[in-house]
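Since the structure comes first, as structure tokens, the remarks are kept for the end.
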Amino acid sequence: MKALTYTSIFLFLSFLPKASIAQKDVTHQQLIWYGYFLTLPIDENWSVVTEVQERHFVKPFAQHQLSLRAHVNRKIGKSGWVATAGFATFFQSPNNPRSELDLVEPELRAHIEMAYKQKFEKLTVDHRYRAEARYFHYLNLEKTELADGYYFGAFRFRYRITASYPIWKIKENQVLKVIAGDELMVQAGKKVSYTFDQNRLSAGLGLSISPGLNVEATYQKWINQRQNGAYFNRDIIRIVVNHRLATIKTQK
């Protein structure tokens, strides 16, 4: 009951940023995201995950972002909690798909997180708490070329809740699920000029093809605040392949 109460409060708060942009300068954009997540189990408790995500604008077609991430997961006994530490590199193209500037800005992110899974009969609810440290690449004074080195930009704290429910068992180990979730992100740091960063509300389908392979196709509404006080209002189609290999067997 407590978990459902906290979830209801969070979902209410997540809609506040959407209401606040009604009278703001808003830029609407459409994107498609593709992702491939590979999980390599080491044993029953440890695993390594690598992620590759490509993101581009639909109209006009233009690169938006390429992300590469790797992290190590550790199950905490039988509590249902998983602890994670990892690192990512992002290659950010201009947020305006019609920009004549073709500068790609690298960003480095270190993160730690805790994840918890709850099961209510057929319904599964996943909670993820992530903290990121973001390092941006220096630019020249005109912001048209990369300069030497990186600088610390801000901390970002993220909470994501995702629910899934099976609606069709096709065959053994082949199940179709409905997926819905929301993620709220806020910033912290000496140079941060605004706290709310972004909110991502999503819904879609997930198909388990085999015990180690599933595909998710979701629609995502992404509200993102900008440094000038304006907002990006983005409609996103996200397609992700999750691939889990067999556990590595050690020789005795």
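The values are calculated or read from the model by the stated rules, or taken from the named source; none is laboratory data. Predicted, not measured: the structure shown is a model, and the values here were computed from it. So basically every Cβ, Gly included, is an ideal-geometry build from the backbone, and we count neighbours across all protein chains shown. We work out accessible area using only protein heavy atoms, side chains counted, and drop any ligands, DNA or RNA first. Shrake-Rupley method; radii C 1.70, N 1.55, O 1.52, S 1.80 Å.
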Being touching a residue at least 12 places away in the same chain (Cβ under 8 Å) and open to solvent by 20 Å² or more (accessible area, probe 1.4 Å) is the filter here, so list the residues in region 63-78 that pass it.
Gln63, Leu66, Leu68, Arg69, Ala70, Val72, Asn73, Arg74, Lys75
When you check Glu54 against the structure, is it within 27 Å of Asn233 (Cβ to Cβ), assigned to a strand (DSSP E or B) and either open to solvent by less than 20 Å² (accessible area, probe 1.4 Å) or in contact with a Lys or Arg (Cβ under 8 Å, 6 or more places away or on another chain) (or both), yes or no?
no
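Conditions tested, residue by residue: (1) buried (at least 16 other Cβ atoms within 10 Å of the Cβ); (2) within 25 Å of Leu123 (Cα to Cα).
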site: Gly206; (1), (2): yes, yes
site: Gln220; (1), (2): yes, yes
site: Tyr231; (1), (2): yes, no
site: Asp235; (1), (2): no, no
Can you pull out every residue in region 194-215 that is without any contact (Cβ under 8 Å) to a residue 12 or more places away in the chain and under 16 Å from the mean Cα position of the chain (by Cα)?
none
Out of Thr144, Thr162, which single residue is assigned to a strand (DSSP E or B) and of a type outside the set (Asp, Glu)?
Thr162
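Is it true that Arg156 is surrounded by 16 or more Cβ atoms within 10 Å (Cβ to Cβ) and either out of contact with any helix residue (DSSP H, G or I) (no Cβ under 9 Å at 6 or more places or on another chain) or assigned to a strand (DSSP E or B) (or both)?
yes
Here is a yes/no grid of residues against (1) modelled with pLDDT under 95; (2) in contact with a strand residue (DSSP E or B) (Cβ under 9 Å, 6 or more places away or on another chain); (3) not basic (Lys, Arg):
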residue	(1), (2), (3)
Glu121	yes, no, yes
Arg128	no, yes, no
Asp148	no, yes, yes
Arg156	no, yes, no
Tyr159	no, yes, yes
Ser164	no, yes, yes
Ile179	no, yes, yes
Asp182	no, yes, yes
Lys191	yes, yes, no
